[in-house]
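As structure tokens, the structure follows; a few thoughts come after it.
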Amino acid sequence: MRTDESVEENTVCHPVIDGELLLIRKQRGLGAGKIVAPGGGVEPGETPRAGAIREVEEELCVTPTGVEKVGEIDFHFRDPSEDDDSLFVHVFVADGIEGTPEETPEAVPRWAPADDPPYEEMWVDDRIWLPHLLDGRTFTSRFVLSDDGESLVEYDVSLDVAFGD
């Protein structure tokens, strides 16, 4: 679904363990103050899966296990025909972690019931795609958000997409 190779590649990884979702309160950068999944940029020469694992390790001092790709999100923060702050995000789920989550300068760990995520403190698009991840479905999606990221301009989601390794 990726449309532009110049768009910044990112990852998010959602550890879901015993009905609990490991999230973070973002301390800095895009989304500071929001509840989000651990994640960040893919470094040169790094696979998206390796980037997702590294980001969880850096942000929470734990290593995710059983990491599987479940989605792709093409984000735009204004009209995609303009020069905008677009992101392409590889979405992963993990079925376990090694270690105990710790607060870091980037993130404060937060556990939430997987059947009741704190959507009111998350990005507006999470209400649309996160339920599919939690239901075990794969997806590709495209979201156009307002410049401040607080409202949806438009979106589309395709479900049950196959991803290779």
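Nothing in this text is a laboratory measurement; each read-out follows from the coordinates by a stated rule. The shown structure was predicted, so the numbers you read here are calculated from the model rather than taken from an experiment. Cβ coordinates were reconstructed from backbone atoms using ideal geometry, including for glycine residues, and neighbour counts include every protein chain displayed.
Note: the chain, Cα convex hull, 110 Å³ per residue.
With contacts defined as alpha carbon pairs under 8 Å and 6 or more residues apart, what's the relative contact order of segment 8-159 in percent?
Averaging sequence separation for qualifying contacts and normalising by length gives 27 percent for segment 8-159.
Here the sum of -39500 (n - 2.57) over DSSP H runs of 4 or more residues, divided by the residues of the chain, equals -4000 deg cm²/dmol at 222 nm, to the nearest 500.
Looking at segment 8-159, the DSSP beta bridges with both ends there are about 70 percent antiparallel. Ranking Pro105, Pro15, Ile73 by how far each Cα lies toward the positive end of the dipole of the chain (charges on Cβ) leaves Pro15 at the top.
For segment 54-165, the dipole from Cβ point charges (+1 on Lys and Arg, -1 on Asp and Glu) about the Cα centre works out to 420 debye, to the nearest 20. Working note: Cα gyration tensor of segment 71-165, eigenvalues times five, square-rooted, sorted largest first, giving semi-axes of 24, 18, 14 Å.
Which ordering of Ser151, Ser86, Ser158, Ser141 is given by a fewest-first count of other beta-carbon atoms within 10 Å? Could the numbers behind the result be given before it?
Numbers: Ser151 10, Ser86 17, Ser158 13, Ser141 22.
Ordered by Cβ neighbours within 10 Å, fewest first: Ser151, Ser158, Ser86, Ser141.
Exposed loop sites, defined as GluC sites (Glu not before Pro) outside DSSP H, G, I, E and B with at most 13 other Cβ atoms within 10 Å, are absent from the longest region of the chain, namely 6-81.
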